[in-house]
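Asks: Once you've had a glance at the structure underneath, I'll fire off some questions.
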Amino acid sequence: MPKRYTLDPAEGLRRAEELVAAAPNRYRITVQVANRAKLRRYEEADDYDDHFLKPIMRAIVEMSDELTQPEILSD
């Protein structure tokens, strides 16, 4: 059985607050997270390590990582 990736609720909340704080428009960031979560939900994720994470939390984690680690966008 594969190991289930868990995210501490406090960590998820912190990441979501980072996104909202960095965004000029709260509505727009909410829609962006929802759209990314929708894409990830229907995407094949065979090689994705934390596919047990819910799509909305995975989208928040990805987007907050893009904010804090801009070098991952340069690939």
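Asks: Looking only at residues that are under 13 Å from the mean Cα position of the chain (by Cα) and in contact (Cβ under 8 Å) with a residue 12 or more places away in the chain in segment 8-22, which one is surrounded by the fewest Cβ atoms within 10 Å (Cβ to Cβ)?
Replies: The extreme case among them is E18.
Asks: Moving on. Select, from K3, K38, the only residue that is modelled with pLDDT of 90 or more, over 15 Å from D65 (Cα atoms), open to solvent by 100 Å² or more (accessible area, probe 1.4 Å) and not hydrophobic (A, V, I, L, M, F, W, C).
Replies: K38
Asks: Which residues, counting only those in segment 23-33, are surrounded by 13 or more Cβ atoms within 10 Å (Cβ to Cβ) and assigned to a helix (DSSP H, G or I)?
Replies: I29, T30, Q32, V33
Asks: Please work out which one of (1) at pLDDT below 80; (2) of a type outside the set (D, E, K, R); (3) buried (at least 17 other Cβ atoms within 10 Å of the Cβ) is the condition Q69 fails and give its number.
Replies: Evaluating Q69 over (1) at pLDDT below 80; (2) of a type outside the set (D, E, K, R); (3) buried (at least 17 other Cβ atoms within 10 Å of the Cβ) leaves (3) as the failure.
The values are calculated or read from the model by the stated rules, or taken from the named source; none is laboratory data. Keep in mind that what you see is a predicted model, and the values were worked out from it rather than measured. Positions of Cβ are backbone-derived with ideal geometry, glycine not excepted, and every protein chain shown enters the neighbour counts. Ligands, DNA and RNA are stripped out before the accessible areas are found, and what is left, the full protein with its side chains, is counted by its heavy atoms. Shrake-Rupley method; radii C 1.70, N 1.55, O 1.52, S 1.80 Å.
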